[in-house]
Each structure stands twice: as structure tokens, then as C-alpha cells.
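The values are calculated or read from the model by the stated rules, or taken from the named source; none is laboratory data. Fair warning: this is a prediction, and the values are worked out from it, not measured in the lab. As a convention, Cβ positions derive from the backbone with ideal geometry for all residues, glycine included, and neighbour counts pool all protein chains shown.
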Amino acid sequence: MDLLHDDTAASMIDRISNLPNEIIYHILSFLDIKYAIQTSALSKKWKHIWTSMPHLNLNSRTFRSAPLFVKFVNDALSHRNRHTEVSAVELSVRGAATQFAAVVTSIVNYAYSHNVRKLTIEWFRLNDEGFRFPQRLFGSHTLKHLVLATHYFDGLGLSLPKSAWEFPALQTLNLSNLHLNDDGDMSLNLFSKCVNLEDLTLHNCYMQGLDSFNVCAPKLRNLTITDPRKFPKVFNVVAPQLQNLTALLCDNLFGFLQLSTEELDSLEKVNLSMGGRLLREKESYASGLLDLFQKLCHAKFLILDDGIIKVYKYRLSYDNIDSLCEFVCILCAKVLSACLDLLSVEPCPFNNLKFLKQKDCIQKMPTEVRKYLLESSPNATFILDIPQANHNIPIYVKYTVHIDPLEKYLSKRKRKMVPQKRSREEVDKGTMAKKYGKID
Amino acid sequence: MSKKTLTLMSKDKQLFNIEEHLAVQSVTIRNMVKEDGASSVIPLPRVDSETLALVIEYLNRQQAPEEDEDYVKKFVDERGEIPTLLELAQAALDLDIKKLMDAACMKVADLIKDFTLEEVREALRIENDRTPEEEKAIRDEFQWAF
């Protein structure tokens, strides 16, 4: 472009050659540490840049063998600027504990003693040999974000402290494919000292044999349970600030989430899905669902059968997703309809629904179920959503239910709700087409 | 109530208007607004007008939250020249716009990761101030990483 005058071009070159270290560090944070160290050959200025960069990416797969990786890590850490704190360490290891235990320990210790704020450890092909994290890590006062992940078959090998983890600064915690149960513990309460924990994700965690798994965290806002492998007998949540709960309700062994809750007064959005699990015991699932509805009645939005897209994205091709959703929606409706007897006895806990939205794919939802979900909500609008031509929009809202807080619920619950049916019937019959245009 | 507009001035004195609620995605601007209401023109002495135009375009995006990440990625992909990306990163650093900073730096990292050292020098305009002997000495010193 001729607009670019010579002097601006020159100043640009000057600026770039004098890139601030913050930008260089940031660029290097996306590269493997081996590459970052090689930049030391670029110029005199660059010789020591890597020794002070605050973000380290270590990956055993960039080395041909475990001993090479071990030697590399020892050399690299010993050449680092000792006064630099590390903001983040990302470690990815693939191989047996016998080969990597020592080096992982020294990396964790390095991170700990340099006040790490974000630590990510992925360890695949760990096999059955055990690895115990240095105990001191679980007393880090600087750690804000922690991700621990293994492969599906490796979780047994990682052993985690069973007493409360002392992470006073921790905000997000993501545990993937871990066994949170060994040593025959009856009850675990790991997060009670994580007083600043806001986001907790438990992916594919195995809690076989536990009487109770406790999530007691005063500042927890988001709790996500995806692809549970085995639920404990009771999953206890005490989280007065919890806003979002996302859970797949059925574990790999067809166990249903037995949730026990206290103080879930701040609940905003509850997102429940059944997964593609087989329905061997429809009736027990159904009563479980009803029980959950009661416990989560503070929620303002209820979304059923979301999450399934994410869970299955890795297992099925994209083509299947739409039909799968459809399948799951019908599944959920079936669970509810399988216990129509129960429905007629138990009042629906969701009162004052603003609207109930039904996508085209769940037309088979029985009227009884629909009536049940709406029975406490005199002014709810029922919307039939006609399928759209645009298939790029994932179908993820199945029912959206707005609910008022508990007080209203309790006061309303005492009343009979006979006259309300008329208003809903009217909506049912007349205004779907109109509403459709209005909503989307 | 009409939306409040802010004026940003690039180092070559060009003026850009942007609605305040969009501009405050920049933490730097947000703090300025908090401090003095930022009624006058906000000067950005280190950002040239071409880069600022890009930053304004970025701040004006109207994406749904779930599509935002893809948009930001595409935004930097379409401006995949390293000098432009570095200017963007510099502006994002000055204005404290984390997402843009991340995306621009990540794109640069992605572009240079398969480069030879000489190509990296060229891309980042780094002058090699070492003799070949000195360079070899560095490689020897850190031979475990090469």
C-alpha cells in the first residue's frame, strides 16, 4: 500500500524488533518449551528470554524416549532464572509411572516453589503403577487453576490426597478420569478448604463404593458433572452460591445420581441430561428425576437433555447428533411417562413457569407429562417450535422453564390449581404459530 | 436514552468513534471511563490508525457468546500477516484486551512454530548480532534442547 510512508515503515520495523517481553512471553506461551529454548540462538537479547518466561509447556511426546525427556527437564529447570515466578505450567506426559514419576515430581515441586497460579497435568498411559503427587502441592496458596487428567483406563494410578485439599486461592478445578474413591473410604470431602473455588468440573470420575462424595464450597458458582463413570451412593452438594448445575444423571453402570443438597438458594440454571444410557430401570430413573426436580426447585431455568451434544461429540459423527438428540428427548419423556402414577400423586415442583418450549423432535412427549410440568404454572405459555431450515443451530434447548423463588412456590403449593388449566388449554390450541414467530 | 460514544485517537491523530459499552471491553479504557468519565478524546499514542481501525472492528463485533471464540479466531486468521498481528498484539497489550491479545499471539506462535531460526529472525525482524562462532557456542551450551 502506498499509504505506508517510509518513516512509518521504518518505525514499524523498529517497534517489532523491540517487541516488549510481555508479547514475546505471550507468543512463547503457546509453544513447547523446547522450541522456546531454541530461540536463545536468535540474538543476544533472546539468549535469556526463555529463562524468565512465566508460562511453561512441557510435553514428553516431543522426545523420542523417556530418559531424554527427563534429562531435558532437569537441564531446562536448572537453567531457569531462579527469581522468576511461573504463572502457568502445562505438563503432558505419556508413559508409565516408573519412567516418569521422578520427573513429574520435580516439575510439580518446581511449580509449587515458584508460586504457580495455573497448573495443568495430563498423564496418559500411566498403567497401574501408582503415582502419588507431592503432598505439598495440595497446600499451594498461589494456585488458582488446576486441571488433572488421565486417560480413561489410567485413573487408578493417580493417587490424590483424601483429606481436604488446602487451596485457599483456587478458583477453577477440573478433574478428568480420576478415581476418587480408593482405600475404601466411606466419605470424601475434598474441597471444603477451597474457600474461593468457583468452578468445579468432574469428568468421568469414578466414585465406586463411596457412601458420600461431598462438594462443600462456599463460593462455588458452577458445578459440572459430565460422563460420570460411577456415582457414589450420595452426592452431597452444599454450595450457597451455586448458580449453574450441569449434570449427566446416569453413570456408566446405570446408577442414577442421588443428589443431596443444602442451601442451593442461588440456583439459576439447571441443566440435566440422561445421556444415551440404556433405560433398564425406567421407574427408578423416573422417581429419581422427580426427586431431583424437588431438590432443584429454586432454579429459574430448567434445561433438560442439553449436554448430550458435547458428551457424544467425541463418540459419534456429527451427522448423528440431531437424531441422537431426538432420541434422547424421547427417552427423557419416556422416563417421565413411565411413572404416570407417580406424576398424579406428586405435585410438580416448578411453579410459575413462564413458558414451556417444546421442540419438534419431542412431539411424542405425552400430554400427561406436559400437563405435569405445567400444572403449577397458571400462566405458562406452551410453544411448539417448528423445525427450522437452518440445521447449523444445534437443538439444545428442549424445555426452558422459568421458575420463581421458593417462597412463591411454597405459598402456591398449598392452593389447588383447578382453574389454571383453562388458560393453558387455550394457549395450547390457538397460538402456536403466532408464538413461534415471536420467540425465535 | 442514546448510547454514549467515546472517541479514540491514534498516534497519527486520526479519530475513531465507538460506543462506550463496546469500548470498555478494553480494561484500559474501562479504567479511564471509571476515573474521569472519559468525556474527551482518548489518545492512544502507540497505536497507528490502521491497527486502531482493526481494533475498532474487533470491538464492534456482535457475536453470540458461544460463537465469539470462533469469530476472534477467524478475525486474526484473516489478518494473518505477522507484522499486522504483532501490531494488533501491541495494541491489545496497551488497551488490555485479553482475548485479542491471546488470539493474535497464538496465531503468531502458530505461524512461526515450523520456521527455521533464520525465518523467525526475518518474521520478527530480529537482527542476528552474533557471529556464527558465537551462535554455535549458544547451541553447544543448550545442546540438550536442539
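Evaluating residue A:152 against the criteria (1) hydroxyl-bearing (Ser, Thr, Tyr); (2) at pLDDT 95 or above; (3) not in a strand (DSSP E or B) leaves one unmet condition, (2). For residue B:70, the criteria (1) within 23 Å of residue A:33 (Cα to Cα); (2) charged (D, E, K, R); (3) outside any loop (DSSP other than H, G, I, E, B) hold in every case but one, which is (1). The listed residues are B:61, B:79, and the only one of them that is in a loop (DSSP other than H, G, I, E, B), away from every other protein chain (no Cβ under 11 Å) and under 13 Å from the mean Cα position of the chain (by Cα) turns out to be B:79. The set of residues in segment B:94-125 being at the interface with chain A (Cβ under 8 Å from one of its Cβ atoms) and in contact with a helix residue (DSSP H, G or I) (Cβ under 6 Å, 6 or more places away or on another chain) consists of B:101, B:105, B:108, B:109, B:112, B:117, B:120, B:125. Taken together, the criteria exclude residue A:196 from residues that are assigned to a strand (DSSP E or B) and either in contact with a Phe, Trp or Tyr (Cβ under 6 Å, 6 or more places away or on another chain) or of a type outside the set (Phe, Trp, Tyr) (or both).
Screening the candidates B:33, B:24 for the property of being surrounded by 15 or more Cβ atoms within 10 Å (Cβ to Cβ), more than 24 Å from residue B:112 (Cβ to Cβ) and free of Cβ contacts under 8 Å to residues at least 12 places away in the same chain yields one hit, B:24. Scanning segment A:120-133 for residues being part of a loop (DSSP other than H, G, I, E, B), out of contact with any Asp or Glu (no Cβ under 8 Å at 6 or more places or on another chain) and surrounded by 15 or more Cβ atoms within 10 Å (Cβ to Cβ) gives a total of 1. Would you be able to say whether some residue in segment A:81-95 is acidic (Asp, Glu) and in a helix (DSSP H, G or I)? Looking for residues that are acidic (Asp, Glu) and in a helix (DSSP H, G or I), one finds none in segment A:81-95, hence no.
Can you name the residue in segment B:41-85 that is basic (Lys, Arg) and within 26 Å of residue B:124 (Cβ to Cβ) and is also surrounded by the most Cβ atoms within 10 Å (Cβ to Cβ) among such residues? So the residue we want is B:79.
Which residue is surrounded by the fewest Cβ atoms within 10 Å (Cβ to Cβ), if the candidates are limited to segment A:36-57 and must be more than 24 Å from residue B:137 (Cα to Cα) and more than 12 Å from chain B (Cβ to nearest Cβ)? The residue in question is A:54.
Take residue B:88 and decide whether it is more than 7 Å from every other protein chain (Cβ to nearest Cβ) and part of a helix (DSSP H, G or I). Yes.
Among residues that are away from chain B (no Cβ under 14 Å), modelled with pLDDT of 95 or more and crowded, with 17+ Cβ neighbours inside 10 Å, residue A:73 is not included.
Might you let me know whether segment A:110-125 holds any residue that is among the acidic types (Asp, Glu) and touching a helix residue (DSSP H, G or I) at 6+ places or on another chain (Cβ under 8 Å)? No - not one qualifying residue is present in segment A:110-125. In this structure, is residue B:135 more than 8 Å from chain A (Cβ to nearest Cβ) and among the charged types (D, E, K, R)? Criteria not met by residue B:135.
Note on segment A:12-35: residues that are part of a helix (DSSP H, G or I) and either without any contact (Cβ under 8 Å) to a residue 40 or more places away in the chain or at the interface with chain B (Cβ under 7 Å from one of its Cβ atoms) (or both) total 16. Out of A:164, A:102, report the one residue that is surrounded by fewer than 17 Cβ atoms within 10 Å (Cβ to Cβ) and farther than 25 Å from residue A:68 by Cβ. Being surrounded by fewer than 17 Cβ atoms within 10 Å (Cβ to Cβ) and farther than 25 Å from residue A:68 by Cβ holds for just one of A:164, A:102, which is A:164.
Candidates in segment A:76-95 are the residues that are in contact with a helix residue (DSSP H, G or I) (Cβ under 8 Å, 6 or more places away or on another chain) and surrounded by fewer than 21 Cβ atoms within 10 Å (Cβ to Cβ); of these, the one that is farthest from residue A:143 (Cα to Cα) is A:95.
Is it the case that some residue within segment A:205-212 is closer than 16 Å to residue A:121 by Cβ, part of a loop (DSSP other than H, G, I, E, B) and in contact (Cβ under 8 Å) with a residue 12 or more places away in the chain? Among the residues of segment A:205-212, at least one is closer than 16 Å to residue A:121 by Cβ, part of a loop (DSSP other than H, G, I, E, B) and in contact (Cβ under 8 Å) with a residue 12 or more places away in the chain, which makes the answer yes.
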